[in-house]
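First comes the structure, then the notes that go with it.
The values are calculated or read from the model by the stated rules, or taken from the named source; none is laboratory data. Note that the structure is a prediction, hence the values are computed from the model and not measured. So basically every Cβ, Gly included, is an ideal-geometry build from the backbone, and we count neighbours across all protein chains shown. Quick note on the areas: whole protein, heavy atoms, side chains included, nothing else; ligands and nucleic acids left out. Shrake-Rupley method; radii C 1.70, N 1.55, O 1.52, S 1.80 Å.
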There are 4 protein chains.
Amino acid sequence: MSAMLSNALPFDRLVDACASDWRAYIEHPFVRGMGDGSLPEASFRHYLKQDYLFLVHFARAWGLAVYKARSMGELRQGLDILKAIVDLEMGLHISWCAEWGVSEDDLAALQESRATMAYTRYVLDAGASGDLLDLHVALAPCVVGYADVASWLLAQQFLKRDGNPYMRWIDMYADAEFQQAAQAERDWLNARLAGMTPERLAQLSRIFRDATRLEADFWQMGLTLAD
Amino acid sequence: MSAMLSNALPFDRLVDACASDWRAYIEHPFVRGMGDGSLPEASFRHYLKQDYLFLVHFARAWGLAVYKARSMGELRQGLDILKAIVDLEMGLHISWCAEWGVSEDDLAALQESRATMAYTRYVLDAGASGDLLDLHVALAPCVVGYADVASWLLAQQFLKRDGNPYMRWIDMYADAEFQQAAQAERDWLNARLAGMTPERLAQLSRIFRDATRLEADFWQMGLTLAD
Amino acid sequence: MSAMLSNALPFDRLVDACASDWRAYIEHPFVRGMGDGSLPEASFRHYLKQDYLFLVHFARAWGLAVYKARSMGELRQGLDILKAIVDLEMGLHISWCAEWGVSEDDLAALQESRATMAYTRYVLDAGASGDLLDLHVALAPCVVGYADVASWLLAQQFLKRDGNPYMRWIDMYADAEFQQAAQAERDWLNARLAGMTPERLAQLSRIFRDATRLEADFWQMGLTLAD
Amino acid sequence: MSAMLSNALPFDRLVDACASDWRAYIEHPFVRGMGDGSLPEASFRHYLKQDYLFLVHFARAWGLAVYKARSMGELRQGLDILKAIVDLEMGLHISWCAEWGVSEDDLAALQESRATMAYTRYVLDAGASGDLLDLHVALAPCVVGYADVASWLLAQQFLKRDGNPYMRWIDMYADAEFQQAAQAERDWLNARLAGMTPERLAQLSRIFRDATRLEADFWQMGLTLAD
C-alpha cells in the first residue's frame, strides 16, 4: 500500500514491491519455530552450520564492496562491516556451533548446501556484474532482514522466552547494536536509492525480490534439512 | 576407479571424483523420461522456458571468458562460443519454444526459477573470482554433459524413437557438430588440467562437483515444475 | 559554455566539463601530423603496433560488457561490437601493419608500452568496478573520439589529401559506417546519462576526463616513440 | 644468473627474469636522491601526494583479494593487509603529508597522475581478470620492493643519515615489522609459485616485469613532477 504513497521511503518501496515474498521470508515457519521454541534442534543445527559457510561468502561480498569503493567513505564502510564479520561474528558463530555440538573440524569439512550456494552466488554476481548499489540491495534481505525478523518475533504473542533454546539467537539480532547497524544500512540505501530513474529502480527491485526469495529458501533448507 | 590410474585423463579424473553425482545428473529421471517419451509435456515446457534464461547467463559467462582471455587464442575461443549461443542457439530455442506454445512475450516475462539462479550464478562467481580454468570447469557439466546425456540415451534399450516428442532434443545434442564441440572442450580441459598441482586439482574438483549437482537440480526443477 | 545551457545533451556536457583535455586529444600534434602528412613514419608505425595491443584489450572490454549485460539488448550490443573488433578490425589492422612492414610475428612479440597499459587498464578497471555505463563512458574517448578526430581533420585547411600516407587512416574513420557507429554510441550514452543524479554525473565526468587524457597520451607515445 | 640454477626460489626467478627492470626500479635516481638527501623537496612532496591516491587503490586491491579468497586463510590474509593499510598506513600518511605542508583538503582535491593510474589499474586488472596469484604477483613490486629499496639504501656508502629529511622514510621501510611483512609475502609467493607450469610462470613473469616497470615510473613521476 505504501508503494502508492509518493512519500514512502525508497527502501520501503522495494519491500512493498515484493510484499508477499518479504513476509514469507520474515515470518517463515523456521522463524516462527524459533519464536515458540518448537523448531527441531536438528533444523537449527543444520542452519547454524550452513550459516557459517554463508558468513564466508558474506565476507567475500564485503571484500567486493571494498574493491568497488569510489570514496574513502565507501571504502571504510565496506571494511568496517568486513571486520565485524571476520573478527567478531565468525568467532561468535564458531563458539555457538561448539555449544550445539558442531566442532571447528565439522565446519571445515562441511559440504555447501544448494540454498547456501544459491543465495551467496546470486549476491556476488549481482555485485560483481553491477555496481556497489546492486551489491547492497542484494545483501539487504540479510543485513536489514535479520533485524526485522528479531523485531517481529519480539512483538508476537506466541514468543516463548523461558527455556527457549533459540531466545539467544533472537536477542542477538534484537540487540541495539545490531538494530542500529541495520538502520544505518537502511539509511544508506534510502540515500542512494533517492533520485534513481524508474528503470534503475525496477532493476534493483527485481534483485531485491530474488534475494529475498533466496533468503527464505535458506530457512526452508534448515527446516527440511536439505543438502 | 580410474581416479586410481595415473594414466586417466585429467578431465576423467574430475568426473570420477564425483562419479555418483555425475551419474545422477547424466541419468536423471528427467533424462530417462525424455528417452522413453514418458516425461510430462509440462515438465519439458518448464525446462525449455528456464533453459532460455539459462542461455542468457550462459552467454554472459562466455563474455566473461573473453574478458579473462590472455591470448588471441583464448579470446577467439570465447567469442566463437558466444556467437554460437547468441546468433544460433538462442534463435533455435525461441523457435522451439514457439512450437511448444511458448511465445517470445512469455519468455520476456519469465520469472527465473531458483535452480536457474543457483547454477548460473555459481558458474559466474567461480569464473569471476577465479581464473579462466575455473570458469571452464564450472561450465563443463553443461558443455560436456549435454553431449554425454545424448550419447548415453542413444545407447539405452528403453530409448523410444517413434513418436517421441523429445527425440529431436536428443538428436540435436547427439549431432556430430555438438559432439565435436564437446570433445574440443574436453581436449582443452585435458590440456589445461595437465600439470596442475594437487591443491589446484582439489579446488577444481570441488567446483566441478558443485556445478554437476546444480545441473542435476535443473532437471529436477523441470520434473517438479518448481519455481 | 554549453555546459551552462540546460538543454545541452548529457554527453556534450561530459565533453564540455573537460573541454581543454578533449581539444588537446582531438587536435593533438600527432593528429595534425596525420592531417598534413608531416608525421614521421616511425611514429605512425609505433602507434599502429601499439594500437594492435590496444585492440586486444578493447575486445576484452566488450567481453566485459557482455558479462555485465542485463537485457538481451545490452547483450547483443556488446556482442556486435566485439564481433566488429575481432572479426573485422583486427584483420584489417594486421593487413595494414603488413603494408607498413610489421609482420604478424612482430605483433605477437610486441612489448606493451606504458601508454597502452595505462589507458586500457583504466577502462577495464572502471568497467569491472563500476557498471555498464562506467565502462561505456571510459570507452567513449575511443569510440566517439576517433570519429571526431576524422571529422575535425576533414574540416581543416591544412589537410593534405594527395600523397598523404595517412589519408587512408583518416578516410577509414570518416567513413559513414564508422561515423554512424559513433553516433549510435553517442545516442546510447545520451539516453543512459539522462536522469542521472548530479553525484553520478560528477563521477562519470571524472572517468571521461581521465580516459580522454590517457587517450591523448596514446598519441603522445606515438610521437615520442616511448615504450 | 640464478635463473639458471634449478634451486633458485621461484620468486627470485621472477626477479631474475627482469633483472635490469628490477634494478632500475630498486636503484632509481629518486631512490638514490632519498639516500643522499639530494632529492628536491618538491619531488618528494609530489610523490607523497600521489602515494596517498595509490594507497586508496592499494586498499581496493586487497578488497579484491578478500573477494577472491577460497579459504579462511586467504580471507584473513587479505583482511589483515587491508586493515594495516586503511587503519594504520593511511593515518600515518596523512600526518606525514601534514608535516610536509599537504593538508587533508589538498589530498581530497588531488588529481591522479598518469603514473598512479597506470600502475594501480594494471594491478587491479591483472587481479580481476586473473586469480589471486596474479594479483599478488602484480602487487609484489610494491610489497616486496619497498623493503628491498630500504635495505639496499642502508647498504650504500652514499647514504646520508644526519639531516637527511628522507631518512625517516627509509627507516620506516627498513623497520623489522615491514621487513617481516615483506618476507611473509615472499614466502607466500614462493609456496604458491612452486609447482606452476612453465606456461603459467611465463605469464606471471610478464605481469611481474610490467608491474616493476610501472612502479619505476612512479618514482620517475616524482622526479619530473609529471601530472
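Assorted remarks:
- Student exercise, the range C:61-112 dipole from Lys, Arg, Asp, Glu Cβ charges, in Debye to nearest 20: 520 debye
- 12 Å beta-carbon shell around D:Ala184, net charge (K/R +1, D/E -1): -3
- Rounded to the nearest 20 debye, the dipole size of chain B about its Cα centre is 520 debye, using +1 on the Cβ of Lys and Arg and -1 on the Cβ of Asp and Glu.
- Within the protein assembly as shown, the proportion of Cα pairs with more than 40 Å between them is 43 percent.
- Shape category assigned to the range C:159-214 from the gyration tensor of Cα positions, a/c cut at 1.5: oblate
- For chain B: relative contact order, % (alpha-carbon pairs under 8 angstrom, 6 or more apart): 37 percent
- Using a 7 Å projection from Cα along Cα-to-Cβ, the label point at D:Leu201 is separated from the same position in the remaining copies by 2.0, 5.6, 5.9 nm, smallest value first.
- With protein chains left intact and a 1.4 Å probe, residues in chain A average 39 Å² of accessible area per residue.
- B from C by rotation - nearest chain C beta carbon to the axis, in Å: C:Gly63, 2
- Accessible area buried at the D-A interface, both sides summed, 1.4 Å probe (Å², nearest 100): 1800 Å²
- Tensor-based shape of the range C:41-224 (alpha-carbon gyration tensor, a/c under 1.5 rounded, otherwise prolate or oblate): prolate
- Averaged over peptide A:123-134, the number of partner chain Cβ atoms lying within 10 Å of each residue's Cβ comes to 6.
- For C:His93, neighbours were defined as the other residues whose beta-carbon sits under 14 Å from its Cβ, and their charges (Lys and Arg +1, Asp and Glu -1) total -3.
- In loop segments of the range D:53-121 as defined by DSSP, the chymotrypsin sites (Phe, Trp or Tyr not before Pro) with at most 15 further C-beta atoms inside 10 Å of their C-beta are D:Trp100.
- Charge context of B:Ala226, other residues only, Cβ under 11 angstrom, K/R +1, D/E -1: -2
- Percent accessible area from carbon and sulfur atoms, the protein assembly as shown, protein chains only, probe 1.4 Å: 54 percent
- Relative pair counts by distance (%), Cα atoms of the range C:109-210, 5 Å bins: 2, 11, 17, 18, 17, 15, 11, 6, 2, 1
- Applying a length cut-off of 24 Å (Cα extent along the axis) and a mean Kyte-Doolittle floor of -1.0 to the DSSP H helices of chain D leaves D:41-68, D:176-193, D:198-224.
- Placing dummy labels 7 Å off each Cα toward the beta-carbon, the span from D:Leu225 to D:Ser38 is 1.9 nm.
- Relative protection proxy for B:16-23, C:156-163, from highest mean packing down: B:16-23, C:156-163 (other beta-carbon atoms within 10 angstrom).
- Shape of the range C:112-156, Cα gyration tensor, a/c cut at 1.5: oblate
- Across the identical copies, how the A:Gly37 labels are spaced - nm, sorted shortest first, 7 Å along Cα→Cβ: 6.1, 7.7, 9.7
- Furthest towards positive pole of dipole, C:Val66, C:Leu9, C:Leu39, structure part chain C, Cβ charges: C:Leu9
- Between copies, the label points of D:Ser151, set 7 Å from Cα on the Cα→Cβ line, lie 5.3, 5.6, 5.8 nm apart, reported in increasing order to one decimal in nanometres.
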